[in-house]
Every structure is written in structure tokens, then in C-alpha cells.
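Let me begin by presenting the structure, written as C-alpha cells, before commenting on it.
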Amino acid sequence: MTVTAVPAATESEPTAPTAPRARTRLLLTYLRPHWPAMLVGLLLGLVANAAGLATPLVTKWVLDTLGAGESLARPVAVLLVLVVVGAAISLWQWILMGRIAERVVLDARTGVIRRYFAARIDQLTHRSGGELVTRATSDPALLHQASGSLVGLTNGALALVGTLVLMGALDLVLLGATMVAVVVVAVLMGLLLPSIGRAQEAAQESVGRFGGALEGSLRAIRTVKASRAEQRQTSALTTHARDAAEHGLRAARRSALVWTISWTGIQLAVIVILGVGAARAERGLIEVSTLIAFLLYAFGLMGPISELTQNLTAMQAGIAAAGRLREIEAVEVEPGSSPTTTAAAPEPVPPVGTVGHRDPTGPVLTLRGVTARYAPSAPPAVRGIDLEIPRVGHTALVGPSGAGKTTLFSLLLRFVEPEHGELLLDGGRYADHTPAQIRGRLAYVEQEAPVVPGTIGDNLRFTHPDASDDELWTALRAVNLHEKVSGLALGLDTPLAATTVSGGERQRIALARAVLRTPDVLLLDEATSQVDGLTEAVVSRCVRQRAQEGAVVTIAHRLSTVLDADQIVVMERGRIRAVGDHATLLRTDELYRDLVASLRIGTAEPVPAGSAPDTDGRTGSGTLLVPFERLPQE
């Protein structure tokens, strides 16, 4: 299966012109699960509207009763009941619709989160972290008001129709003057509303770009300061923020124009009604009480029209957000992943030897003719890889940058899928098992050794949540970190955000997490890249101990890692150039010989097991330890 990025059609979906009906359906997909509660909210709104529509008629009743000199007790009591009942029902509806809105936002955010963690790695890495965060935070927030837009539109439309019908029952001439204003407002709103949606979508895109730039700058804050680039980064980020503000201001202008047109149109209609109505009342064509009731309905038009304007604007924002969220839903997920599952229980890991037909003497991992690329148009990252990883022992991958070492790890961890060839674990095909089953047999430590939010104990238990404290201390002892952690005031409960834990110690915590329970295969992206010279020997000893019990595969950037390896794989330009031990490769492979010669050690003997480097980076025998990534490349 070819590793591909999101198809171009999918990426352009949110911004490409689509029919209004199709864009509205995107929003409805997020509202559909809540339709029973929304129906209750609609009914409550209708009852509140009915109470509001009856108020002007009861007011006319009060005025007519007053003119006739009769008792006002009954009409005033009815008027009070309508006001109290209308207020109570409106409060109930607002609370209900607020609850629905929060649930819609929660469902949208939960869906994005599930999709993220079910997605293939390559589907996420081409987007910035800030952009991904925006899709889970700001975009769902736009659904908050949009969630009640359909109920609001229905209530507003029915209230508008009901008001016009009752106005017609009072006086058709005044209704005609009112309709002119309503039609003009409706036409202008229809012309302006689509531009609000486009402006909202552009604003969200710019916020996503700003978030991505900010996230990257903060992650590299030490480099920024060390490079004296604070002002340049501030200027670049301010440009992104200004762009987001410009798009937001454009959307605000469109919304303000719609609101101004609606309010102004109704105010002009009221003035016309007042003038025409006064003339008709003066000639005795209508009663003063009728004119007052009609004016109350005219003023009441502000409510339905404002509600329609507000909800149409919110719907446009919600449609824009739904389009961006749908792009995330189009992200391809890993085989066996279920992003729609409400509760994702950990997938059971097969016992050792059950993935394939276990052969105690055979390799634990096998790659046969494996070729992989990151996009259909990209050149292969690795080509024709044939490799066997022994069940016990240490295998080191070496080579210049771009040789394919990280891609090889990604294939083993099933972060990417091969275009050609196949991978075997215990003789069983990778494709016959889910990524979770494969990864349950492996342990992985990244070079950067990222930590998850939480305490030291949380990080150590990240792979095995049921691990006991004794197991944690054993793992910490294996990486010579038990004294450091035990000396902390909170011990295992120390937050890893604390400055008391250095970068090298975080890397050892990541290594301790990996060796907490002996995996079949331990994958290390240079476990000694961030540790000091005194600790390097401890970590190397840990690797050697694990290599006596199972398979250890390292991407080696330091000579000490290579010298300890039982099998060294030399990679160049996505291919395996040579495989052998240190002595054999020195005799037979020119690239490996050049790498070693550049370290000025000639054919020096391997560093004895357990020999610790001096603090200046040299071994006790005077061997200079230089990362392989710094070596000359062909």
C-alpha cells in the first residue's frame, strides 16, 4: 500500500465553492444526534412566541376596556400572565439550547481528538501542531451558536409570519407599508450572508496559521533566544496575528452591515407606519388602540428579524467550521482503528510467539524487498530493503542523514506502510495484524525523548498503566536515575514540567519507560544522544543487558553505540549498503571505513564493555566520540 498524503480534493474541500445546500448538510451532520432536544427547544420557542404575539392584542383589549370605562382587572391579569409565562418558557429554552450547544461542541472536539489518535502518522505530520490544535479548539467553538441556529431560524421565521398575519388582521394598508421594508431587508441580507461565511472561514484559516507559527516558535524558544531572534520572531508572529485580525475584522464588518440594514429597515418602517397610521386614525379609518397595537407589532418585528439575522450569521460561521472539521474527518486512519468508538479499550496484545509461527532460532523481524515513500510523487525513502533482525542481540543502523534509518523505524512501528515488499514479525505478516498488536511487541524511544503531560510516574506507566511502584523503581535503577528521583520532594509524583529534570534525564525516563517490561524488540533512536559522558556508560550497559534477553535496534549517531553492536547495518540513499560487525565492515566497506577514519581511530579495537567516557567526550582509550550525523556525506 502506498503511503500518501491527504488527496488534493480533500484538502481543498473546505475552501472550494460548494452549493449552499451541500454546505448546510455539513453543519446538519453535527446537529443531527441532538434533534430530540432541539425539537423540545423549538416547541418551547413556539410557545414563547405565541405569548409574545398575544401581548399587543391584549394591550389593545386594555385600551378598549379603558375607553369603555369598564374594569381593567381581567385584561391586566391576562397581560401579566402572558409576560410571566413567556419569560419562564424563554428561560427554559435558553438553558436547554445552551446545554445542546455545549454538547455539540463537546462531540465535535471529541470526534477530532479520536480522529487524531486513530490517524496515520503521515496524515498528521504535514500539518503544523498549532493548526491541529485550532481544529480541535476554535473550530468547534464556532458550532456553539450555530447549534441553535436552526431552532432560532424556525422560531424567528414563524414569529415573523405570525406578526405579519396579525398586523394584516389589524390593518392591511399599514401591512403593505411594512412589507416593503421587510422585503428590502430580506434581499440585502440574502446578498450579504454568503460573504460572512467566506470571511469566517478565511479568519479561521488565518488563526490556524498563526497557531502553527506560534507553536513552532515556542517549541524552539531556547534557539530563538540564543540566536537573538526574538524581534524577528515577534515581527513574523505579529504579521500572522495581524492577518488573522484583518480577516476577523472583515467578517465583523459584514455582520455589522447586516445588522445595521435590518435595524434601520425596521426603524424606517415604524416611522412610515406612524405617519400613515396617524393620518388614517385622524380620518377615522382605524381606532387609536388599533394603531397602538399595530405599532407594538412593528416594534416587535425587531425581535424576529434580529433573531433571523443573528442565527443566519451564526449558521454561516458554523458552516465554515463544519467544512474545516470535515477535512479532519477525511484524514485516513490506521488499519483496525475506530475513531467513532465512544470508549476505546486497549487492544489485547498477543503473547510472545502468537503473531506468527514462532521459531526460537529464527529472526524476530524480517523485511523482504521493502520499498516505501511518503507521497506518490516523492522518491522512495527506502528501496529494496532485505534485512533480518536476530531474536537476541544488538543491531545498529548507521549512515548519513537521509539514508533511510528513520523510515526503517517507521516501517517497523507501522507508522508508514510499504509500497512494495512485506514485513514479518515472528514469521507472521504485518498486514495480518493491527498496528496496536504489532506495537505491543515493540518498545520505542525517540531521539528527542518527548514526555507526556503529567508526573514522572505517569510517564513511566504510559505504556503499562498497571505497573507497580516496584517495577518503576527497577526501571529507574536500570538507567541510573533512581537516586535522582528518590531525592526529589515528590518522588514519582514530580511533574515533568519542573525544571529539576534536565533534558538528558528526560531521555533516561523515556528509556526507563521502554525497558519497564522487557519487550520483544527495543527500538532506540540514539539513546545516548542527550546524556552526559558519565551516564552514557550506564545507558550503554542497559542496552547490552537488554540485548542479552531480546532484540535491540538502534539508530546510531555515536561511535560507542556502533562498537557495542552485534550487527551493523550501513545505509546509504535509502538502501542497505553493507551488513556486518565492526571489524568486518572496516575491511570490506569503503563508506564505513571513511566514517571511522574521519574519527581518527583507524582500526582501533572496540571499546571494552563498561568503559565509561571521560567528561571531555573521549573514552578511556582516547577514542573521540563524535555523532555520525556530523560526518562528511557522499
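The values are calculated or read from the model by the stated rules, or taken from the named source; none is laboratory data. Just so we're clear, the structure is a prediction, and the values are computed from it rather than from any experiment. Note: ideal-geometry Cβ built from the backbone for every residue, glycine included; neighbour counts use all protein chains shown. Protein only, heavy atoms only, side chains kept; ligands, DNA and RNA dropped before computing areas. Shrake-Rupley method; radii C 1.70, N 1.55, O 1.52, S 1.80 Å.
Restricting to region 557-596, give me the number of residues that are among the hydroxyl-bearing types (S, T, Y) and closer than 23 Å to V539 by Cβ.
2
So if I check each of M1, M97, which one is open to solvent by 80 Å² or more (accessible area, probe 1.4 Å), closer than 28 Å to R135 by Cβ and modelled with pLDDT under 85?
M1
Can you tell me which residue among V569, V552 is buried (at least 17 other Cβ atoms within 10 Å of the Cβ), in contact with a His (Cβ under 6 Å, 6 or more places away or on another chain), outside any helix (DSSP H, G or I) and modelled with pLDDT of 65 or more?
Exactly one of V569, V552 is buried (at least 17 other Cβ atoms within 10 Å of the Cβ), in contact with a His (Cβ under 6 Å, 6 or more places away or on another chain), outside any helix (DSSP H, G or I) and modelled with pLDDT of 65 or more, namely V552.
Just checking, does region 537-547 include any residue being open to solvent by less than 40 Å² (accessible area, probe 1.4 Å) and either at pLDDT below 60 or farther than 30 Å from L460 by Cα (or both)?
Checked against the condition, which is being open to solvent by less than 40 Å² (accessible area, probe 1.4 Å) and either at pLDDT below 60 or farther than 30 Å from L460 by Cα (or both), region 537-547 yields no hits at all.
Can you work out which of the residues in region 39-53 that are open to solvent by 30 Å² or more (accessible area, probe 1.4 Å) and touching a helix residue (DSSP H, G or I) at 6+ places or on another chain (Cβ under 7 Å) is nearest to T163 (Cα to Cα)?
Residue satisfying both the conditions and the ranking: L53.
Which condition from (1) open to solvent by 30 Å² or more (accessible area, probe 1.4 Å); (2) modelled with pLDDT under 80; (3) part of a helix (DSSP H, G or I) is the one that G284 breaks?
(3)
Name every residue in region 572-593 that is open to solvent by less than 20 Å² (accessible area, probe 1.4 Å) and in a loop (DSSP other than H, G, I, E, B), in order of residue number.
Passing the criteria: G574, D589.
Hey, could you check region 425-470 for residues that are in a loop (DSSP other than H, G, I, E, B) and hydroxyl-bearing (S, T, Y) and say which is farthest from I389 (Cα to Cα)?
Here the answer is S468.
May I ask you to verify whether L174 is in a helix (DSSP H, G or I), out of contact with any His (no Cβ under 7 Å at 6 or more places or on another chain) and surrounded by 20 or more Cβ atoms within 10 Å (Cβ to Cβ)?
Against the criterion (in a helix (DSSP H, G or I), out of contact with any His (no Cβ under 7 Å at 6 or more places or on another chain) and surrounded by 20 or more Cβ atoms within 10 Å (Cβ to Cβ)), L174 qualifies.
Against the conditions (1) buried (at least 20 other Cβ atoms within 10 Å of the Cβ); (2) among the small types (G, A, S); (3) touching an Asp or Glu at 6+ places or on another chain (Cβ under 6 Å), where does A436 fall short? Just the number, please.
(1)
For region 373-391, state whether one or more residues are within 34 Å of the chain's Cα centre (by Cα), more than 26 Å from L559 (Cβ to Cβ), modelled with pLDDT of 90 or more and assigned to a strand (DSSP E or B).
yes
Across region 235-258, what is the total count of residues that are of a type outside the set (G, A, S), more than 13 Å from S206 (Cα to Cα) and open to solvent by 30 Å² or more (accessible area, probe 1.4 Å)?
Here the count works out to 3.
E11 passes all but one of (1) at pLDDT below 50; (2) surrounded by 17 or more Cβ atoms within 10 Å (Cβ to Cβ); which number fails?
Here E11 clears every test but (2).
Filter region 216-234 for residues that are open to solvent by 90 Å² or more (accessible area, probe 1.4 Å) and modelled with pLDDT of 75 or more; which is farthest from the chain's Cα centre (by Cα)?
Among those residues, the one meeting the criterion is R228.
So which residues in region 335-372 are modelled with pLDDT under 90, among the charged types (D, E, K, R) and open to solvent by 80 Å² or more (accessible area, probe 1.4 Å)?
Scanning region 335-372 gives a single hit, R358.
Residues of region 198-209 being closer than 18 Å to G130 by Cβ and either more than 24 Å from the chain's Cα centre (by Cα) or open to solvent by 60 Å² or more (accessible area, probe 1.4 Å) (or both), which ones?
Once the filter is applied, which keeps residues that are closer than 18 Å to G130 by Cβ and either more than 24 Å from the chain's Cα centre (by Cα) or open to solvent by 60 Å² or more (accessible area, probe 1.4 Å) (or both), region 198-209 yields only R209.
Filter region 420-460 for residues that are in contact with a Ser or Thr (Cβ under 6 Å, 6 or more places away or on another chain) and aliphatic (A, V, I, L, M) and give the result.
Within region 420-460, L424, I456 qualify.
What residue, of E102, E70, is among the acidic types (D, E) and either touching a Phe, Trp or Tyr at 6+ places or on another chain (Cβ under 7 Å) or part of a helix (DSSP H, G or I) (or both)?
Checking each option against the conditions leaves just E102.
Could you list, in sequence order, all residues of region 457-489 that are closer than 21 Å to L522 by Cβ and in contact with a Phe, Trp or Tyr (Cβ under 9 Å, 6 or more places away or on another chain)?
H482 - this is the single residue of region 457-489 that is closer than 21 Å to L522 by Cβ and in contact with a Phe, Trp or Tyr (Cβ under 9 Å, 6 or more places away or on another chain).
Kindly provide the set of residues from region 408-421 that are in contact (Cβ under 8 Å) with a residue 60 or more places away in the chain and more than 19 Å from R441 (Cα to Cα), ordered by number.
Within region 408-421, P418, E419 qualify.
Does region 402-418 contain at least one residue that is modelled with pLDDT under 90, open to solvent by 60 Å² or more (accessible area, probe 1.4 Å), out of contact with any Ser or Thr (no Cβ under 7 Å at 6 or more places or on another chain) and assigned to a loop (DSSP other than H, G, I, E, B)?
Yes - at least one qualifying residue is present in region 402-418.
Output the residue which, of all residues in region 471-485 that are in a helix (DSSP H, G or I), modelled with pLDDT under 90 and open to solvent by 70 Å² or more (accessible area, probe 1.4 Å), is nearest to A537 (Cα to Cα).
R477
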